[in-house]
2 protein chains.
Amino acid sequence: MKHTKVKDLLNSSKVNYEVNAKGWVRTFRNNQFIALNDGSTINNIQCVVDFENTPETTLKRITTGAAVSVIGQLVESQGAGQKFEIQVSHLEILGDSDAEKFPMQPKKHSLEFLRENAHLRVRTNAFGAIMRVRSVLAHAVHTYFQEKGFVYVNTPIITGADAEGAGEMFQVTALPVDNLPITEEGAIDYKKDFFGKHTNLTVSGQLEAETYAMALGQVYTFGPTFRAENSNTSRHLAEFWMIEPEVAFNDLDDNMDLAEDFIQYVIKYTLDKCPDDLKFLESRLLEEEKSKPQAERSEMTLLEKLNFVLKNNFKRVSYTEAIDILRDSTPNKKKKFQYLINEWGADLQSEHERYLVEKHFKCPVILFDYPANIKAFYMRLNEDGKTVRAMDILFPGIGEIVGGSQREERYDVLIEKMKVLGIDEEELWWYLDTRRFGSAVHSGFGLGFERLVLFVTGMTNIRDVIPFPRTPQNAEF
Amino acid sequence: MKHTKVKDLLNSSKVNYEVNAKGWVRTFRNNQFIALNDGSTINNIQCVVDFENTPETTLKRITTGAAVSVIGQLVESQGAGQKFEIQVSHLEILGDSDAEKFPMQPKKHSLEFLRENAHLRVRTNAFGAIMRVRSVLAHAVHTYFQEKGFVYVNTPIITGADAEGAGEMFQVTALPVDNLPITEEGAIDYKKDFFGKHTNLTVSGQLEAETYAMALGQVYTFGPTFRAENSNTSRHLAEFWMIEPEVAFNDLDDNMDLAEDFIQYVIKYTLDKCPDDLKFLESRLLEEEKSKPQAERSEMTLLEKLNFVLKNNFKRVSYTEAIDILRDSTPNKKKKFQYLINEWGADLQSEHERYLVEKHFKCPVILFDYPANIKAFYMRLNEDGKTVRAMDILFPGIGEIVGGSQREERYDVLIEKMKVLGIDEEELWWYLDTRRFGSAVHSGFGLGFERLVLFVTGMTNIRDVIPFPRTPQNAEF
């Protein structure tokens, strides 16, 4: 007979009929009760084994992690905690799991231990929940943009351009690095490399996405991006997924509206689709925070925090206002900031962003109109000649989750800026074409997907919200 | 006033009210009629300029490719070919497009010329249509799996494993290749590289996806994969997007059912959502085939072909049956095949696949149960000891679009196979863990997304269905 997913069994509209369930044993109690999970939901189905009529050798093989198939009646459960259970009439061990060796025993494991077993950690409740939530969030992203008529664009991963300077890049090559071809001048002969030139992994699809926005109007990317930066922090990955919408005729206000609406939509979507997983992650967080001093615990539970973001507008604050607030703030006056804010023009550090979001405004904040000289070349210069139409969205506990801007659509102004910064016009000939032919106001932003997953799951280390994290000294699996 | 997308204007339920449209001029006829496109649809909106009251200097700037904003009454059109038009009362040139220099003039360009202008080709009707269809197909992929409860998994792009041997790999490094660190033994010291080891770009997420399927039940990947193969053909890219579902408890028959249902779903979804774009691509193909000899033209139009796939089951044929058919075929007997089929065990070439699909069965074909020694190590050995539970789906005009298999779930059999093939057990310790702990029957397949887009759009060169193709000697943009 065909098996039914545990999620469907637990939501069954019928009862007292024969079913087949397949999954993995989470626990086996009293030689009788299997908690069976198949990954379709965080909830297990209880399978009651007729232990008197089951051979001892079979019972011994019902261990945590074993794959089993059970056939039996789906009945209303007498026990607490579940509506249905299966009265097993036939049990088959599909794959054993040696209790002495299986690393994922039903006890508390450190997150560090679980990272070392990234191929197995998804068999735990927490990581099953995280990865289901991540998946639904990803679909929410696509659904939001597609419903609004955006076109999904796959910008290139391997790129010959390295002009944007968003960060250190990884080199990609098919040359034998222990026996490189050399030109007559003694340089590495990249003409002989696969692409006939020096190539890197992309740090952003924005510039290519802009060329598409200037034809299709509204586009978005959602793909992997890379940074070869030795940042061993809980907020950085060398390989992460980024979402980059780009919209023709949008100015910075439209851009802020889009980002806010987008974030609220995907959180709402996930709250609707993943109630059980989010409830589990909420209690996990409460449990974890019990060991922390009161002052470090969250003021809101996970679900309260997510609902707060849905119900409250993000606070929009210009960089100049933010500098005033920070300069007059208690930690600045008492010299508690590591980097004191003395004057307009200072780059904001994580401590300042946290102060604004977590202490001063106590809500997500959109900072805009930054000094031109601390932002990228493609951002639109304001009439004041010293600020650009940049925006960063700051989230409590996460810091920067979105960075975006209205783009400089004026060819002359853009060229001037590139000259000052020494950015090669020849290399970006195609990017400049968007300003040569039918240029128009346009805006976009980048959102680091893993930071969004961090926020929604309440996890605190970015390595725990991507299946196989890539960080300095770690490319296992 | 806020502007409205052209698609929404053309579908307006009201008439005779003031609207604002923004977009790019496709053509400007009789000093009066602008065909305006904003990428939201393949259709243009006609904007009628009051040329008598518009300065000559402005009229001269209404050139192909220019970005303009028009305000005026949306009225029923008297002309043929459109329901509505805009009687322009106010026109603003947002960005000029010098007619002498803009490469995308309204005339026929070669596909090769358009590839060299990949940043601008999307401003043509054909590439706008292709890229909207591509986007909708991508969303169909996600929607299909998400509705069925699959979990989207982002498997790593940078990988330390290179055991699968699906193809030549690109190396990824953050070392200075012109000044590599060397060990005492004289080898390159990859311990000093970013990840502390030699790393490559992934050729497939399958092995990692398997570890997730053995926890979450049903999973799928959809991400970029890479081949450093010097294949300068119309069917190969060095960087392409692949979809890889993997399902616990599915055998090969379930796997074939899934693949067939999936392909039919995404084609149906796209037919429903993209009627205008597909109709355009259909007529484009008819036009293109006019220059071909009758014998080389398609028997069906694009839409007929897509509907045929929806309405007809894929023909399932074992490798052994296929060999019999090929051995007895006319081209084999008349020695027209480049590689003659003499005996069981031969690897099938493109010419054989095309014969089976296009001449013999005249429908999509699923070949299964291939000889073990021409397929990958992880495929499940049949009871006959010489074939494996592999399947390939072959499509007319495209060739192989899907490759998949039931996986070898038996630890001992898998290890034996790896030993014979010299595959490093140490390196795949994590993959083997799926067979050590709670192993079970499972299956999956890989579908090259661009080949699917080729089929659905009726294009014939894979470089024309991805925004910025990566091929030997080409990583421009």
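The values are calculated or read from the model by the stated rules, or taken from the named source; none is laboratory data. What you are looking at is a predicted structure, and each value in this text was computed from that prediction instead of being measured. When we count neighbours, we look across all protein chains shown, and the Cβ atoms used for this are built from the backbone with ideal geometry, even at glycine. Heavy atoms of the whole protein, side chains included, go into the accessibility calculation; ligands, DNA and RNA do not. Shrake-Rupley method; radii C 1.70, N 1.55, O 1.52, S 1.80 Å.
Brief remarks on what is shown
- Each residue, B:Glu426 and B:Phe51, gets one label point 7 Å from its Cα in the Cβ direction; the gap between the two is 7.9 nm.
- Spatial separation of Cα centroids for the range B:409-446 and the range B:1-63, in angstrom: 61 Å
- Between chain A and chain B, the total buried accessible area stands at approximately 8500 Å², from heavy atoms with a 1.4 Å probe.
- Sorting the segments B:238-249, A:77-88, B:137-148, A:98-109 by their residues' average number of neighbouring beta-carbon atoms within 10 angstrom, most packed first, yields B:238-249, B:137-148, A:77-88, A:98-109.
- Percent antiparallel among DSSP beta bridges (both partners in the range B:242-394, rounded to 5): 65 percent
- Across the range A:343-451, C-alpha contacts under 8 Å between residues 6 or more apart give a mean separation that, scaled by the residue count, equals a relative contact order of 23 percent.
- Neighbouring partner chain Cβ atoms per residue of A:332-345, average, 10 Å criterion: 0
- Whole-angstrom Cα spans of the range A:93-222 along principal axes, big to small: 63, 49, 29
- Value of [θ]222 nm, deg cm²/dmol, for the protein assembly as shown, DSSP H segments ≥ 4, -39500 (n - 2.57) each, nearest 500: -9000 deg cm²/dmol
- In units of the rule-of-thumb radius 2.2 N^0.38 Å, chain A shows an alpha carbon radius of gyration of 1.17.
- Interchain or long-range residues, amide H under 5 Å from A:Val441's placed H: A:Phe249
- Between the range B:89-111 and the range B:120-153, the Cα center-to-center distance that results, in Å: 28 Å
- Taking max minus min of the alpha-carbon positions on each principal axis, the range B:158-293 gives extents of 65, 46, 25 Å, largest first.
- Förster radius 51 Å - calculated FRET efficiency between A:Arg297 and A:Tyr17, Cβ distance, rounded to 0.05: 0.60
- Residue list for the range A:410-436, given a label point 7 angstrom along the Cα-to-Cβ vector of A:Asn373 and an amide N cut-off under 19 Å: A:414, A:416-423
- Ranked by how many other beta carbons lie within 10 Å on average, peptides B:206-213, A:346-353 from highest: B:206-213, A:346-353
- Seen from a random direction on average, the alpha-carbon convex hull of the range A:27-109 projects onto 6.0 square nanometres.
- Counting from the shortest, the label point at B:Glu112, 7 Å from Cα toward Cβ, is 6.1 nm from the same position in each remaining copy.
- Counting only other chain Cβ atoms within 10 Å of each residue's Cβ, the peptide A:466-472 averages 6.
- Residue pairs, from the table B:Lys386/B:Lys417; B:Lys108/B:Lys292; A:Lys7/A:Lys305; A:Lys315/A:Lys362; A:Lys148/B:Lys22, whose Cα atoms sit over 19 Å apart: A:Lys7/A:Lys305
- Mean projection area, nm², convex hull over Cα of the range A:1-42: 3.5 nm²
- From the alpha carbon centroid of the range A:455-477 to that of the range B:361-396 is 36 Å.
- Residues A:Leu356, A:Leu180 ordered from highest to lowest accessible area at a 1.4 Å probe: A:Leu180, A:Leu356.
- With a Förster radius of 60 Å applied to the beta-carbon distance between B:Thr330 and A:Leu340, the computed FRET efficiency rounds to 0.10.
- Chain B, relative contact order [Cα under 8 Å, separation at least 6], %: 14 percent
- 10 Å Cβ neighbours from other chains, averaged over peptide B:145-151: 5
- Considered as an equivalent ellipsoid built on the Cα gyration tensor, the range A:352-468 has semi-axes of 32, 18, 11 Å, the largest given first.
- Amide proton proximity set for A:Thr27, modelled H, under 5 Å, gap of 5+: A:Ala35
- What the Cα atoms of the protein assembly as shown give is an Rg and a Dmax of 29.5, 98 Å.
- Relative contact order [Cα under 8 Å, 6+ residues apart], the range A:6-102, whole percent: 30 percent
- Cα→Cβ-extended label distance, 7 Å offset, between B:Phe113 and B:Glu304, nm: 3.2 nm
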